[in-house]
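The values are calculated or read from the model by the stated rules, or taken from the named source; none is laboratory data. Note that the coordinates shown come from a computational prediction; the quantities given were computed from them, not determined experimentally. No Cβ is skipped: glycine too gets one built from the backbone with ideal geometry, and neighbour counts run over all protein chains shown. Keep in mind that these areas ignore ligands, DNA and RNA; they rest on the heavy atoms of the full protein, side chains included. Shrake-Rupley method; radii C 1.70, N 1.55, O 1.52, S 1.80 Å.
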Amino acid sequence: MAKKQRIEGAGTAEAANDNDAAGIEARRRAAIAEARNAVDNILGANPVVGLTREELIDAASRLLKLLSLNPVLVAKREAKFAAEVGRILLGRSRITPDPKDRRFQHRVWRESGYYRRVMQIYLAWARSLRDILDSIDADETDMERARFMLMQVIAAAAPTNTPVGNPGFLGNALSTRGLSIARGLRNLIDDLVNNHGMPSQVDPRPFAVGKNLTNSPGAVVFRNAVCEVIQYAPRTERVDATPILLVPPQINKYYIVDLAEEKSFVRHAVSQGQQMFTISWRNPTAAQRDWGMETYVSAAREALDAVREITGADSVKLMAACAGGFTAAVLAAHMYALGEGHKIACLTLLVTVLDTRAKTLLGLFANDAAIKAAIARSRSRGVLDGAQMQRAFAWLRPDDLVWSFVANNYMMGNDPPAFDILYWNNDTTRLPAQFHADILNIFRQNPLVRPGGMKMLGTPIDLGRVDCDVFIIAGITDHITPWEACYRSTQLFGGDVRFVLSSSGHIQSIVNPPGNPKAKYFEHDDYSLSAGEWLERADVRDGSWWEAWIDWARGHSEGEREAPTALGSEAHPPGEPAPGRYVHQK
């Protein structure tokens, strides 16, 4: 009996050891999973961009593979780099930074022998790596992914990201008696805890939506479960009889068109006698996981009919931006299929890609497997979080949108800048899982380039049947919707198209108020040319496209009428003052 008890005791101990081992293994796996989730949170795990851990590992492996393809070439380039380092150390190098590179604009980079050499070695090293990669003959996909990864490596290695390489670190530390170091550590800890490890891009404290942002006078004149429609008060005695309806992107909030007064497209439009309406999308939760493209197109159609009823106009000038451009283009084709194309006077698309064959950084990692995995992730959660997308977009321009804030916030110990555009950029929304899946499937299948390539609300979608005039805006330095991709839309519509290329990037191409002496845009009327040929032949025009667009919009009007003395109508009475309720949803 005693023997039996001893055996049972031994068995219990053995089981306990097994349980301990199992527990240790479970904790190990949990720790690994937590670390992986942390990495994905920092990267943003945006499925369109593909900035997941696995995709970055794949990109890194492709980069290393390509760099090792031709060891003789690598040796020659490295020998050239070593010779340049020798000249740098002797003070004989002529390497200078790009005048547009804001990291090295302070005079200390020219006047200090130490910092000048640090900068020149970094620039020579970066140039050497780029030259090696550019000299390799390889598959285009491999090359683009490798270039993307090399961009990340070079941006991360900049001397401005380190205490010993950033001249402002020591200067600020001395002038503040170490307080800047303490502030930098505070900023770092705060971002690790509250911002998924990403450096904060903006100080939100000076801004308040409805007060010093998006404060143009107006009222909500229509609301359904998906959106609100805001009508803005006129500022002229007479107004254009054909109103404007803006369809904003679902990814961000609508007030990119109504920032501070001097940057507000809304204020500019109404000051020029336009009747301005804009949609404000509801910020969905997992409860709205089934909202898809049809949901948004249907809501936009209701909004358009409400605007027509309020103004008494036969047609509306439909305007849309970025992802909202998908919605507006599909809505227009749907209405033409129904025989209701007369309700759209003209169509304007801002920084919108409709032909997804075009090469974009967003599509660089968007293979079938990545898209399917992304759809599965958002379906499991019900939504795609906007903050994830915002972080992923930041990695498309790491120098400007990641590492510049590392230098400012951590090295210099400064607060992030108080900048209204960055405040809007960080005021993100969620996407319902079904809409996210619809967008990705459009991206993968590219149906808008084919008549009947997709159906919407029971009708075939054919952009070629949309024979109203179309005005397309793109940005020459846009990193999200490259202008060459936007240019392809000139071939899709049945009406007359006008393509305007702004000299700015993705957001600044929209926020482009008159009065900026540096503003310019490019135009040429031959769209049979390739994008490169078009740009070579394009005329450069000074000023903002806003003014050119207002003139174009006036040519698509039913005339003028007296400005309304009250907002809304009997059927659509005015409700809450602008900016409404949905814009405040978190």
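Screening the candidates ALA418, ALA407, ALA437 for the property of being within 23 Å of the chain's Cα centre (by Cα), part of a loop (DSSP other than H, G, I, E, B) and of a type in the set (Gly, Ala, Ser) yields one hit, ALA418. If you check ASP355 against the conditions, is it surrounded by fewer than 24 Cβ atoms within 10 Å (Cβ to Cβ) and touching a Leu at 6+ places or on another chain (Cβ under 8 Å)? Yes, satisfied. Which members of the range 409-437 meet the condition of being hydrophobic (A, V, I, L, M, F, W, C), open to solvent by less than 50 Å² (accessible area, probe 1.4 Å) and closer than 30 Å to CYS227 by Cβ? Across the range 409-437, the qualifying residues are ILE421, LEU422, TRP424, LEU431, ALA433, PHE435, ALA437. The condition of being among the aliphatic types (A, V, I, L, M), part of a helix (DSSP H, G or I) and more than 24 Å from ALA82 (Cβ to Cβ) holds for only one of MET151, MET143, that being MET143.
Total residues in the range 465-500 satisfying the condition of being surrounded by fewer than 16 Cβ atoms within 10 Å (Cβ to Cβ) and in a helix (DSSP H, G or I): the figure is 1. Residues of the range 520-568 that are without any contact (Cβ under 8 Å) to a residue 60 or more places away in the chain, over 17 Å from ILE476 (Cβ atoms) and polar (S, T, N, Q): SER528, THR565.
Would you check if there is a residue in the range 256-267 being small (Gly, Ala, Ser) and surrounded by fewer than 16 Cβ atoms within 10 Å (Cβ to Cβ)?
Looking through the range 256-267, none of the residues is small (Gly, Ala, Ser) and surrounded by fewer than 16 Cβ atoms within 10 Å (Cβ to Cβ).
So, ALA369, is that one open to solvent by 20 Å² or more (accessible area, probe 1.4 Å) and at pLDDT below 95 or not? Working first, answer last.
Details: open to solvent by 20 Å² or more (accessible area, probe 1.4 Å): yes; at pLDDT below 95: yes.
Here the answer is yes, as ALA369 does meet what is asked.
In the range 448-464, of all residues being touching a helix residue (DSSP H, G or I) at 6+ places or on another chain (Cβ under 7 Å) and in a loop (DSSP other than H, G, I, E, B), the one that is most open to solvent (accessible area, probe 1.4 Å) corresponds to PRO451.
Once the range 151-198 is narrowed to residues that are within 12 Å of ASN409 (Cα to Cα) and among the aliphatic types (A, V, I, L, M), the residue that is surrounded by the most Cβ atoms within 10 Å (Cβ to Cβ) is MET198. When the range 517-549 is filtered for residues that are in contact with a strand residue (DSSP E or B) (Cβ under 7 Å, 6 or more places away or on another chain) and open to solvent by 50 Å² or more (accessible area, probe 1.4 Å), the ones remaining, listed by number, are LYS520, LEU535, ASP539, VAL540, ARG541, ASP542. If you filter the range 200-241 down to residues that are closer than 20 Å to GLN585 by Cα and touching a Gly at 6+ places or on another chain (Cβ under 8 Å), you find that the one that is surrounded by the most Cβ atoms within 10 Å (Cβ to Cβ) is ILE230.
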